[in-house]
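*Asks:* Okay, handing you the structure first.
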Amino acid sequence: MTPDIVSIWVYLSASPLTWLTATLAAYVAADWVAVRLGRHPLANPVVIAAALLATILLATGTDYGTYFEGAQFVHFLLGPATVALAVPLWRNLATVRRALLPMAAALLAGSVTAAVSAVGIAWALGAPAGVLASLAPKSTTAPIAMELSKSLGGIPALTAVLVVMTGIIGAVVVTPLMNALGIRNFAARGFAVGVASHGIGTARAFQVSEIAGTFAGIAMGLNGALTSLLVLVWLAFAG
Amino acid sequence: MNDAGEPSAPSPAPLNLPRAILALLLCQLAGETSILAVRSIYPEIAFPGPVVGMALMFVLLVWRKGLDAGLDATSGAILRNLSLLFVPAAVGIVQYGPVLRQFGVTLALALIASTVLTLLVTVGVFLLVTRLQGGDAE
């Protein structure tokens, strides 16, 4: 008697336990690789883990819905994690207080640059209106971006992908870029990556320093609020 | 102090993790609920509930003037591993093969250029205003 491997796989491939385990396993492997490479910015654990999992899903013919039934338990923690950002914010309150004016100015400049430059470049390259609307909120955190995309006439699901890609680009680019410019102010560096690349940028900033992570978290929250406000104003004038 | 009548635990006191998780969830729930309430009146307003929850938690920390060790440990553990939480959303890319094939190059160029530009503008303005304020930009 040999175990019926096919029917065991049929059961396991549909089980949330399998995909939750796979998500953790892929992340542990990706983080091991990232640590091995000295946390090199190109060795981003989100990219490595997602590439591993995407390959497995495509190879086994598993659809994303089945995968997400297991992965949702990890995804769910994004909410509590956002609330938890209040803790480093509170702990570094004195540093944050001194930087209120620079933060306000940088937020306004960065938020407008993020939306206008992305839409401008894609428009010049001939992207249609639906894609442009999906692109505009890409620097905000996923739940806000998807809402804004819908109200602008974009495709929320496409926006979700663009948001993740923006996060990864910022997380990969920020450290070499800032080092090349000789910028050693970690509050400024963190704030920039929070405005440009929301939570994935914030995750990277926390790997570099707690101050950078704290400012990135504040920037992410504020940029979500400001972009929502700018879209409301835009719709009031355009509609 | 406990039911078994054993001597109470020596310092450091055991971390109360369920209470920390409860605090995070309650703040998030309150945030989500307040956004739902606002949206039932102004449906065009888009704002994430967890960010309101973060503001609420911040107000609670300022008000209580202190941080519970369990909450410190729990939030620290979550934030040190924040990257993990984005993996399920990133895997979502597998669903958009056709759109990405059609507009992939345009989107990649727009995203890369826009992200680098946003980083430069944000960090530049932050440092400029810090210097104008008389602070040490380094």
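*Asks:* Would you say residue A:172 is within 14 Å of the chain's Cα centre (by Cα) and buried (at least 24 other Cβ atoms within 10 Å of the Cβ)? Steps first, please.
*Replies:* On the way: within 14 Å of the chain's Cα centre (by Cα): yes; buried (at least 24 other Cβ atoms within 10 Å of the Cβ): no.
Taking the combined requirement at face value, the residue does not satisfy it.
*Asks:* For region A:147-162, which positions are touching a Gly at 6+ places or on another chain (Cβ under 9 Å) and at the interface with chain B (Cβ under 9 Å from one of its Cβ atoms)?
*Replies:* So the first thing to find is which residues in region A:147-162 are touching a Gly at 6+ places or on another chain (Cβ under 9 Å), and the list is A:148, A:153-155, A:157-158, A:160-161.
Hits for region A:147-162 are A:148, A:155, A:157, A:158, A:160, A:161.
*Asks:* Still on this structure: Got at least one residue in region B:37-44 being touching a residue at least 12 places away in the same chain (Cβ under 8 Å) and either more than 17 Å from residue A:87 (Cα to Cα) or more than 7 Å from chain A (Cβ to nearest Cβ) (or both)?
*Replies:* Step one: list which residues in region B:37-44 are touching a residue at least 12 places away in the same chain (Cβ under 8 Å), which gives none.
Looking through region B:37-44, none of the residues is touching a residue at least 12 places away in the same chain (Cβ under 8 Å) and either more than 17 Å from residue A:87 (Cα to Cα) or more than 7 Å from chain A (Cβ to nearest Cβ) (or both).
*Asks:* A further question follows. Only helices (runs of 4 or more DSSP H) wholly contained in region A:85-124 count here; list those with 3 or more residues that are within 7 Å of chain B (Cβ to nearest Cβ) and not β-branched (Val, Ile, Thr). Quick ask: steps written out before the conclusion?
*Replies:* Working: elements: A:86-91, A:93-98, A:100-124.
So the answer is A:86-91, A:100-124.
*Asks:* Separate question: Looking for something more than 28 Å from residue A:131 (Cα to Cα), facing chain A (nearest Cβ under 7 Å) and surrounded by 14 or more Cβ atoms within 10 Å (Cβ to Cβ) - is there at least one such residue anywhere in region B:85-99?
*Replies:* Of all residues in region B:85-99, those more than 28 Å from residue A:131 (Cα to Cα) come to none.
No.
*Asks:* Against the conditions (1) within 15 Å of residue B:120 (Cα to Cα); (2) surrounded by fewer than 24 Cβ atoms within 10 Å (Cβ to Cβ); (3) more than 8 Å from every other protein chain (Cβ to nearest Cβ), where does residue A:209 fall short? Just the number, please.
*Replies:* Only one criterion is unmet by residue A:209, namely (1).
*Asks:* What about residue B:80, is it more than 28 Å from residue A:149 (Cα to Cα), under 15 Å from the mean Cα position of the chain (by Cα) and exposed (fewer than 15 other Cβ atoms within 10 Å of the Cβ)? Outline the logic, then answer.
*Replies:* Values: more than 28 Å from residue A:149 (Cα to Cα): yes; under 15 Å from the mean Cα position of the chain (by Cα): yes; exposed (fewer than 15 other Cβ atoms within 10 Å of the Cβ): yes.
The answer is yes for residue B:80.
*Asks:* Separate question: With the condition kept exactly as written, say whether any residue in region A:126-137 is in contact (Cβ under 8 Å) with a residue 60 or more places away in the chain and over 24 Å from residue A:212 (Cα atoms).
*Replies:* Within region A:126-137, the subset in contact (Cβ under 8 Å) with a residue 60 or more places away in the chain is A:136-137.
In the following step, the residues that additionally are over 24 Å from residue A:212 (Cα atoms) were identified as A:136.
Yes, region A:126-137 contains a residue that is in contact (Cβ under 8 Å) with a residue 60 or more places away in the chain and over 24 Å from residue A:212 (Cα atoms).
*Asks:* In region A:104-141, how many residues are open to solvent by 10 Å² or more (accessible area, probe 1.4 Å) and under 22 Å from residue B:133 (Cβ atoms)?
*Replies:* 7
*Asks:* Also, I was wondering about something else. What pairs come out if I take residues in region B:95-114 that are closer than 16 Å to residue A:157 by Cβ and pair them with residues that are among the hydroxyl-bearing types (Ser, Thr, Tyr) whose C-beta lies under 8 Å away, six or more apart or interchain?
*Replies:* Qualifying pairs under 8 Å: B:95/A:64.
The values are calculated or read from the model by the stated rules, or taken from the named source; none is laboratory data. Just so we're clear, the structure is a prediction, and the values are computed from it rather than from any experiment. Virtual Cβ from ideal backbone geometry, glycine too; neighbours counted across all protein chains shown. Note: areas computed on protein heavy atoms with side chains; ligands, DNA, RNA excluded. Shrake-Rupley method; radii C 1.70, N 1.55, O 1.52, S 1.80 Å.
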